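Each remark here refers to the structure printed beneath this line.
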Amino acid sequence: MKRHSYFVFSLCAILSILSCTKKTETNEGIQRIVLEESIDYTEKEVIDSVRYLQLETNDDCLISYVSQLFCTDREIIIFDIYTQTIYVFDYDGKFLRKLHKQGQGPGEYATILSISIDETTNEILIVDSGSRVLCYDLSSFDYLREIQMEAIAVQKEKANSLIAYNASSITKDGQPYNYYLTRWEDGAISNGFIPIEFSSEYLMAPNYRFYTYNKGLYFYPPFQSSIYKIKGESCEPCYDIQYGNYHFPPLDILKSKDNNGNYILNLRKDFYVYSAQIFENDDFLITTYYVALRTYIGIYDKKTKHTVNLLRKDFETNPATVDWLNIIASHGDSFVSILNHADLAEIDEEEIKDESLKRLLTMPEDANPILRFIRFKHIN
């Protein structure tokens with residue numbers, strides 16, 4: 001199956017911050033989250049604390065772009081789609097090891113589309129563009145086995161089964177499956193979830209649309225406001241997000257844009273939500289999303305049932321500002337964002353009040369990124 005991946009870059013910065021304290025509604029087990037723009041907030045008003053972690057830089061670990069980041073109990077795993085390499089660091093930022101086995105031989109991959117981590121079996125799963133999933137030991141990166149399947153991303157469900165995400169229909173044993181999700185058990189498709197209404201040769205980032213929270217597995221399809229919880233034989237919506245006055249493009253718009261070439265570039269000219277990413281912990285559900293040349297972050301407080309909606313960056317009016325809320329992962333009660341030294345170099349050092357961050361500014365511009373572990377305040 002021919003695929004082209006298109007990746008949206010969250011470069012960096014807060015231009016202005018807009019928000020609301022709108023209560024959400026529950027309907028038939030679905031939590032409806034409404035994000036609206038209203039009162040201005042400063043970063044100090046929404047962030048409780050921040051901890052910075054500089055990732056070690058040396059010739060063996062030069063990160064070009066953080067495509068995915070996972071925080072396990074002991075380590076931080078980073079996938080760099082440009083170098084097609086997986087890097088592992090500890091929580092002091094020390095580089096530990098990497099996986100780079102690009103090639104055509106046994107245990108080698110052609111092009112990584114996405115990765116996932118299974119801590120229970122200590123495995124890392126790599127989705128290769130060659131219609132297969134490669135499994136490696138997470139501690140040693142020893143090659144374990146290969147699974148033949150069509151997928152953009154997968155998530156281990158149990159020992160003999162995976163949940164696979166595809167943006168286009170697939171055919172297995174002569175049977176077409178027109179679902180975003182399929183369950184694979186012992187090499188066979190047992191069922192499918194969430195019918196596909198729009199498919200294209202182009203993929204909208206992120207490729208990996210799963211997240212795990214509190215032993216639950218969740219999935220959010222492209223161009224939909226729903227978040228689904230996958231449990232056993234069921235896949236039911238649990239959240240529905242309303243992105244202020246913005247909406248995902250309707251089906252007829254998607255199809256018309258796709259007929260005129262790269263629909264992703266065309267959507268960036270309109271005021272539709274064209275990409276979103278979801279993160280969750282005990283206190284908050286976070287969505288980072290894109291409208292035209294603007295990036296936003298919506299924060300839902302699960303305890304108070306209120307939300308804030310922040311404009312992170314306007315690429316058109318001020319592309320040089322730093323995106324302090326470029327969230328890439330969750331870890332315990334924190335969310336992890338990425339800061340690049342090249343972007344921080346544009347800031348007057350006197351404007352940075354945090355002394356721990358000032359010390360990191362002595363690093364060269366091409367140093368590996370700084371991870372920012374953020375704890376948000378509860379929203380009243």
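Please indicate, with yes or no, whether at least one residue in segment 283-292 is buried (at least 21 other Cβ atoms within 10 Å of the Cβ) and assigned to a helix (DSSP H, G or I). Checking segment 283-292: not a single residue is buried (at least 21 other Cβ atoms within 10 Å of the Cβ) and assigned to a helix (DSSP H, G or I). Suppose the filter is within 29 Å of ASN281 (Cα to Cα), at pLDDT 85 or above and touching a helix residue (DSSP H, G or I) at 6+ places or on another chain (Cβ under 9 Å); does VAL336 pass it? In short, no.
Listed by first and then second residue, the pairs with beta-carbon distance under 7 Å, at least 6 apart or on different chains, first residue in segment 42-64 and within 15 Å of HIS331 (Cβ to Cβ), second small (Gly, Ala, Ser) and not in a helix (DSSP H, G or I), are LEU53/GLY93; LEU55/GLY93.
Conditions tested, residue by residue: (1) among the aromatic types (Phe, Trp, Tyr); (2) at pLDDT 95 or above; (3) under 16 Å from THR287 (Cα atoms); (4) in a loop (DSSP other than H, G, I, E, B).
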{"residue": "PHE193", "(1), (2), (3), (4)": "yes, yes, no, no"}
{"residue": "PHE198", "(1), (2), (3), (4)": "yes, no, no, yes"}
{"residue": "TYR208", "(1), (2), (3), (4)": "yes, yes, yes, yes"}
{"residue": "ILE227", "(1), (2), (3), (4)": "no, yes, yes, no"}
{"residue": "CYS238", "(1), (2), (3), (4)": "no, yes, yes, no"}
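Quick check on segment 29-41. Is at least one of its residues at pLDDT 95 or above, over 23 Å from TYR246 (Cα atoms) and outside any strand (DSSP E or B)? Scanning segment 29-41 turns up no residue that is at pLDDT 95 or above, over 23 Å from TYR246 (Cα atoms) and outside any strand (DSSP E or B). Only residues that are within 14 Å of ALA167 (Cβ to Cβ), loosely packed, with under 15 Cβ neighbours inside 10 Å and in contact with a strand residue (DSSP E or B) (Cβ under 9 Å, 6 or more places away or on another chain) were counted across segment 184-226, and they come to 2. Only one of the numbered conditions (1) at pLDDT below 95; (2) over 14 Å from the mean Cα position of the chain (by Cα); (3) of a type outside the set (Lys, Arg) is not met by ASN281, and that is (1).
Would you please name the residue that is surrounded by the fewest Cβ atoms within 10 Å (Cβ to Cβ), looking only at residues in segment 136-160 that are within 20 Å of SER67 (Cβ to Cβ) and either over 21 Å from the mean Cα position of the chain (by Cα) or of a type in the set (Val, Ile, Thr) (or both)?
Keep residues of segment 136-160 that are within 20 Å of SER67 (Cβ to Cβ), which gives 136, 138, 141, 151-156.
Among the residues that remain, those that are also either over 21 Å from the mean Cα position of the chain (by Cα) or of a type in the set (Val, Ile, Thr) (or both) are: 136, 141, 152, 154.
Numbers: TYR136: 22, PHE141: 17, ILE152: 22, VAL154: 25.
Going through the qualifying residues, I end up with PHE141.
In segment 224-251, the residues that are at positive phi reach residues that are part of a loop (DSSP other than H, G, I, E, B) and acidic (Asp, Glu) with C-beta atoms within less than 7 angstrom, at least six apart or across chains, in these pairs: GLY244/GLU36; GLY244/GLU37. The one condition from (1) buried (at least 16 other Cβ atoms within 10 Å of the Cβ); (2) at negative phi that GLY93 does not meet is (2).
Can you tell me which of PRO364, PRO369 is surrounded by fewer than 20 Cβ atoms within 10 Å (Cβ to Cβ) and out of contact with any Asp or Glu (no Cβ under 8 Å at 6 or more places or on another chain)?
Numbers: PRO369 fails: surrounded by fewer than 20 Cβ atoms within 10 Å (Cβ to Cβ).
None of the others qualify; the one that does is PRO364.
Scanning segment 81-137 for residues that are in contact (Cβ under 8 Å) with a residue 24 or more places away in the chain and small (Gly, Ala, Ser), we see that the one that is nearest to LYS158 (Cα to Cα) is SER116. Return the residue satisfying two criteria in turn: it lies in segment 295-335 and is more than 21 Å from TYR239 (Cβ to Cβ) and of a type in the set (A, V, I, L, M, F, W, C), and of such residues it is surrounded by the fewest Cβ atoms within 10 Å (Cβ to Cβ). Out of the qualifying residues, it is ALA320.
The values are calculated or read from the model by the stated rules, or taken from the named source; none is laboratory data. For clarity, every value in this text was computed on a predicted model and none was experimentally measured. When we count neighbours, we look across all protein chains shown, and the Cβ atoms used for this are built from the backbone with ideal geometry, even at glycine.
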